[in-house]
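The structure under discussion appears below in the form of structure tokens.
The values are calculated or read from the model by the stated rules, or taken from the named source; none is laboratory data. Only a predicted model underlies this, so the values are computations on that prediction, with no experimental measurement involved. Cβ coordinates were reconstructed from backbone atoms using ideal geometry, including for glycine residues, and neighbour counts include every protein chain displayed.
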Amino acid sequence: MANRRSRVSSPSSSRGGEAPRAGVAPPPERRSRGLQAGGALWFEPFLEPIQRGVTQFVVPKGGLIYTEGQEADAVYFVKKGRVRRSVRSKAGQEAILGTLAPGGFCGDQCLAGQASRVSTVTAVAPTTVVKVEKAVLAKALHEAPPFSKALLARALRRTIAVEKGMCGQLFNHTEKRLARALLKRSQFGQIPASAQGYAITPKVSEAALAKEIGAPRSQVQFFINKFHRLGLIEGRGEIRVHAALLTDVVLGD
């Protein structure tokens, strides 16, 4: 994408506000659901012709892409790395809405008239993001129906996933919610599995998993140990998930 300015990111990006711009990062090292057959992410061919209103930058681990209350004036596409969407209550309690891998996007609610952000998006690993201004993206979607169709399909899949997660919070016990979270983080079924199973990268802590599924850390620790004993997962630092976790826990009675 030519004729775009870039600035080197600084540690201040982790204190809020729009993330500073930085140099272009190399393409993702591994294939994900958002990659096309040629190696490009699904959104790249649609954004390539746009000359203005599109900016690519790098966010360091822990850096903020946007925070609750900020003006909703752009949509962000994840090119490399991973980000986490979260909300925080008035009492300071944080709830994780989900994570986005390369090919994912966030902030699209602004296209429906949302004036300010209702969630915070944080990089959980060094992440390359493409920011597209709201008016520019709206025009591109209008002029390119295939782009509009692709974005809408992905937005609907994300909504369905959120609804399933809410149902899980209501009806499934902690063990199943934890198993689903591990499978999702490992990109189970989306990337080829190795003999050691699906690796969860970047590493995730029990505290983070507890926040994600809305359960006490002690319960998460109990079921993590149980999954280890049953051979459903391996590793303590980098967790590797086996397919049996799906059949034995998620699909089991």
Only one of Leu183, Leu151 is closer than 23 Å to Gly107 by Cβ and either surrounded by 14 or more Cβ atoms within 10 Å (Cβ to Cβ) or at pLDDT below 90 (or both), namely Leu151
When every residue in the stretch 194-224 that is modelled with pLDDT of 85 or more and of a type in the set (S, T, N, Q) is compared, the one nearest to Gly62 (Cα to Cα) is Ser205
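Across the stretch 40-92, which residue is modelled with the lowest pLDDT among those that are basic (Lys, Arg) and part of a loop (DSSP other than H, G, I, E, B)? I'd like the intermediate steps shown before the answer.
Going residue by residue through the stretch 40-92, those that are basic (Lys, Arg) are 52, 61, 79-80, 82, 84-85, 88, 90.
Narrowing further to those that are part of a loop (DSSP other than H, G, I, E, B): 52, 61, 82, 90.
On the way: Arg52: 95, Lys61: 95, Arg82: 94, Lys90: 81.
Here the answer is Lys90.
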Would you say Ala95 is at pLDDT 95 or above and either out of contact with any Phe, Trp or Tyr (no Cβ under 6 Å at 6 or more places or on another chain) or surrounded by 15 or more Cβ atoms within 10 Å (Cβ to Cβ) (or both)?
no
Next item on the list: Within the stretch 41-59, identify whether any single residue is among the small types (Gly, Ala, Ser) and surrounded by 22 or more Cβ atoms within 10 Å (Cβ to Cβ), and answer yes or no.
Entry: no
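Step by step: first the residues of the stretch 98-110, then only those that are of a type outside the set (Gly, Ala, Ser) and more than 19 Å from Glu44 (Cβ to Cβ), then the one that is modelled with the lowest pLDDT. Which residue is that? It would help to see each step written out before you state the result.
As a first pass, look at the stretch 98-110 and keep what is of a type outside the set (Gly, Ala, Ser): 99-100, 102, 105-106, 108-110.
Adding the requirement that they be more than 19 Å from Glu44 (Cβ to Cβ) leaves 99, 109-110.
Numbers: Thr99: 89, Gln109: 95, Cys110: 96.
Only one residue tops the list, namely Thr99.
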Going through the stretch 120-175 in order, the residues found to be farther than 15 Å from Leu100 by Cα, among the charged types (D, E, K, R) and assigned to a helix (DSSP H, G or I) are Lys134, Lys139, Glu143, Lys149, Glu163, Lys164, Glu175
Being more than 22 Å from Val59 (Cβ to Cβ) and under 15 Å from the mean Cα position of the chain (by Cα) narrows Ala125, Ala144, Ala140, Ala161 down to just Ala161
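Among the residues of the stretch 98-113, which ones are buried (at least 17 other Cβ atoms within 10 Å of the Cβ) and in a helix (DSSP H, G or I)? Spell out the reasoning first.
First, pick out the residues of the stretch 98-113 that are buried (at least 17 other Cβ atoms within 10 Å of the Cβ): 98-108, 110.
Scanning the stretch 98-113 gives Asp108, Cys110.
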Scanning the stretch 75-92 for residues that are surrounded by 13 or more Cβ atoms within 10 Å (Cβ to Cβ) and either of a type in the set (Val, Ile, Thr) or without any contact (Cβ under 8 Å) to a residue 12 or more places away in the chain (or both) gives Val75, Val78, Val83, Val87
Of the residues in the stretch 197-207 that are surrounded by 18 or more Cβ atoms within 10 Å (Cβ to Cβ) and either out of contact with any Lys or Arg (no Cβ under 9 Å at 6 or more places or on another chain) or of a type in the set (A, V, I, L, M) (or both), the one that is farthest from Arg85 (Cα to Cα) is Ala199
